[in-house]
Every structure is written in C-alpha cells, then in structure tokens.
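Values quoted throughout were computed directly from the atomic coordinates according to the rules given, and no laboratory measurement underlies them. These numbers were taken from a predicted model, which means no experiment stands behind them. A quick note on method: Cβ atoms are made from the backbone with ideal geometry, for glycine too, and the neighbour counts reach across all protein chains shown.
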Amino acid sequence: MVSAGDPTKPQMVPTQGVNNEAQKTEPDENTYLSFKNALHGADPNYYYGKRFLYQGHEAAASIGGVRQGFITRINLDADPAHRVTLLATTDSSGAAINTIDGSRWDPWARKLIFTTENVNAPTYAATPDYPSTVTDVSGALGRGGYEGVAFDSDGNIMIVEDIGGANKGATTARIPNSFLYRYVPETPGDLENGKLQVLQGSEQRPRPSSDHACDPDAAPLA
C-alpha cells in the first residue's frame with residue numbers, strides 16, 4: 001500500500017527525507033499531455049492541474065488478488081498526496097486490463113491508445129479524465145505483440161510488433177516473426193471502422209562478392 005501522508009509506508013518517490021520507496025512497475029511508453037482546462041481526480045475538491053504523464057504498466061500488479069495491468073496518470077501540477085491517480089484497472093466490460101506496452105494520444109478520437117504485447121490481449125482506447133473509460137478496440141486495430149504505437153499526420157495508426165519466432169538451430173537467436181502494421185480509419189479518429197494493413201517484405205539473398213555483383217548493368221540474380 002502506498003500513502004504519501006504516512007512515512008512508515010512505501011512512497012512513490014522519496015518524500016521529506018523518507019527513502020522507503022514503493023515497488024514500481026515499468027511502462028514502455030509514457031505519454032505527456034497538456035490540456036486547456038483542468039482535469040479531475042478522486043478528490044472532487046482538489047485542483048489536479050492541466051499537465052499530466054499517462055502510463056500503461058507492463059509489469060503486472062496484484063489487484064484484488066488478480067495479477068493484471070492498469071493505467072495511471074502522474075499529475076504534474078499536484079502535491080505529493082495527489083501526485084498519482086489510478087485511472088482504470090478494468091475495461092468498460094468489466095474485464096481486467098491486460099499488461100500494457102505502447103501508449104499514444106489520438107488527437108482525432110481524443111483518447112489514449114494503449115497496446116499490449118500479447119496476441120491474446122486487447123488493444124485499448126482510454127479517455128484521459130478520471131475515471132477513465134477504457135474500451136477494447138482490437139476489433140478494428142487487431143491483436144498482436146504490439147510493442148509501440150504512433151500516428152501520422154493523416155490520422156493513421158502505426159503499430160510496431162515485437163514477437164520472436166522459434167529458435168534458430170541450437171542457438172538462442174530467434175527467427176524474426178514480427179510485422180509493422182498500419183490502421184487506416186475511414187475518417188481520422190474512427191476506432192471502429194477502418195482497414196488494418198501489414199507491411200509486406202521480401203527476403204533477398206546476399207549477392208556474392210564478384211565482378212558480376214558489382215556491375216550495375218548486370219542482370220539481377222535469381
């Protein structure tokens with residue numbers, strides 16, 4: 001249990017000479033957002049500010065005896081007692097949130113996109129205020145070993161996968177088994193209707209070190 005007001009309990013950060021820090025989970029990507037208007041938190045009488053750092057946590061935590069992921073928000077304008085807000089532990093269906101890797105703000109949908117590095121786990125969209133409404137958008141964005149996520153200027157979502165294949169021979173090296181995806185919404189911000197595309201690659205054999213390989217006019221090798 002973490003309590004900024006009780007120095008005998010673990011602290012998120014060292015506070016007033018107390019170095020008893022709480023165990024932390026590690027988000028793969030942090031998303032910083034600054035809003036025009038202040039957002040809300042668990043304390044209805046407190047001003048949480050306009051600047052926030054959003055985190056989806058990969059290292060699983062035990063909540064109610066269930067190991068799961070969760071979404072937190074660091075309130076950069078708040079005092080230590082209100083510094084961290086737990087935004088969500090379950091999605092809109094009541095299912096526990098899976099451990100999270102990537103995160104990015106979708107300015108068209110006005111939601112945060114959170115990805116999971118798990119082919120059996122959802123891709124999420126989450127509202128930024130407290131409490132956050134988290135929805136499963138993997139019906140459009142798909143499921144995969146999604147490590148990171150980004151947007152282009154047209155509102156397309158770029159997703160990088162990180163999955164290793166079988167070991168190569170007797171070594172510990174893995175055969176590549178990951179792809180680069182692009183979700184093209186029907187209109188920017190549409191997280192339900194669109195096309196999920198994958199970058200197609202081809203394998204080329206390295207050319208032998210010979211005069212033929214160095215001749216730009218030579219016919220391509222088979």
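Figure the gain on full extension for H40 and W105 (residue separation times 0.36 nm, minus the Cα-Cα span) and round it to one decimal in nm. Before the final figure, lay out the partial values.
Working: separation 65, 0.36 × 65 = 23.40 nm, distance 1.82 nm.
Additional length available on full extension: 21.6 nm.
Report the extension gain between E186 and S93 in nm, rounded to one decimal, defined as 0.36 nm multiplied by the number of residues separating them, less their alpha carbon distance. Walk me through the numbers on the way to the answer.
Numbers: separation 93, 0.36 × 93 = 33.48 nm, distance 2.51 nm.
Here the segment from E186 to S93 would lengthen by 31.0 nm.
The label-point distance for Y32 and K168, in a model that sets each label 7 Å from Cα toward Cβ, rounds to 3.8 nm.
The slack between D152 and D77, meaning 0.36 nm per residue of separation minus the straight C-alpha distance, is 24.0 nm.
Residues whose amide H lies under 5 Å from that of E58, counting only those 5 or more places away or on a different chain, are E26, D28, I100; hydrogens are built 1.01 Å from N in the peptide plane.
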